[in-house]
Amino acid sequence: MKQLIVSIITLTLLSSCYKQLDSSSSTTPTTSTDTIKTTSTTPPKVRFFNVMDYGNVYPHLNTSNIGGVALYYPTTYQSGVIGTNNIWVTFGSDTILNQNVELLAGKYYSCFVYRIGYNWMISIVRDDLTTPATGNANVRVLDFRTQAWFSYIGVNIFSPGNSPLLFNNRNFLDHESYASYSGFNTITAGTYTITLFTSTANLQSKSYSFASTKIYTIVLMTQASLTAAQALQAINIDVEQNYQ
């Protein structure tokens, strides 16, 4: 009987100790280290492309006048504000568009200015500027064919000895419908042939050397003066390097 009482007392003391330990651990404040690490106060940055051959457009980011932007000559990255940003663009003496966009802290963006019919628009895509590993380059294809935009094409990026990068059924602004289309793909650095094709024929090709650790955007464009049938046979392939 004495041994039974001792056992009960011992178990009670041990149980009490375990409860105190549990209580102590549950009141320990959780660390905010993760929150501190992931919270950024770095402003977002945007660069502007003119993908039309009408002449210079003049984008403004909030109160900053970026200046004239010509076809094939994008701006450097410009600092915006975290949250709502006002982008407005003038062409000649007219303000052709004015809209607010939401930009995230510490992120990079490309803003493309284009026109369909008489309507001017912008398209903003996220730029991942993470440096590729040595020996590799990052590449993406963005379709801004404002003439014959409804015609699907394919894009084949090929170099002997390397796996080809194939984009099937590319269509105007498909990167807005499918966000993954604006992401970068990794290839082995080297010289590649960029071939545009339809289901029945090759349209045209261009050779380009993609350097190690660099990031590139391939922009497809058409001349506004061409008919749809003409434009499909005269697509401009512009390769732009993305850098901070």
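Bear in mind that the values in this text are calculations on the coordinates, not laboratory data. As the structure is a prediction and not an experimental result, all values here were calculated from the model. Neighbour counts run over all protein chains shown; Cβ positions are idealised from the backbone, glycine included.
Using a Förster distance of 41 Å, how high is the FRET efficiency between Ser225 and Thr76, based on the Cβ-Cβ distance and rounded to 0.05? After rounding to 0.05, the efficiency reads 0.85. Take the Cα radius of gyration of segment 35-127 and divide it by 2.2 N^0.38 Å, N being the number of residues; the result is 1.11. Ignoring aspartates and glutamates fewer than eight residues from Lys107 along the same chain, the ones with Cα atoms less than 14 angstrom from its Cα are Asp127, Asp128. What the Cβ-Cβ distance of Ser177 and Gln233 gives, at R0 = 30 Å and to the nearest 0.05, is a FRET efficiency of 0.75. Using every pair of distinct Cα positions in segment 39-191, the Kirkwood expression returns a hydrodynamic radius of 17.0 angstrom.
Close amide H contacts of Tyr77 (hydrogens built in the peptide plane, cut-off under 5 Å, sequence separation of 5 or more or a different chain): none are found.
Distance between the modelled labels on Leu203 and Thr41, one decimal in nanometres: 4.8 nm (7 Å Cα→Cβ projection). Stokes-Einstein, applied to the Kirkwood radius of segment 82-172 over Cα pairs at a viscosity of 0.692 mPa s and 37 °C, places its translational diffusion at 201 µm² s⁻¹.
Backbone N atoms of segment 205-244 closer than 17 Å to the 7 Å Cα→Cβ label point of Asp53 belong to residues 205-206, 219-239. Working value for segment 129-244: equivalent-ellipsoid semi-axes of 25, 15, 12 Å, each the square root of 5 times a Cα gyration tensor eigenvalue, largest first. Calculated FRET efficiency, Ser93 and Thr191, Cβ-Cβ r, R0 45 Å, to nearest 0.05? Computed FRET efficiency for Ser93 and Thr191 comes out at 0.50.
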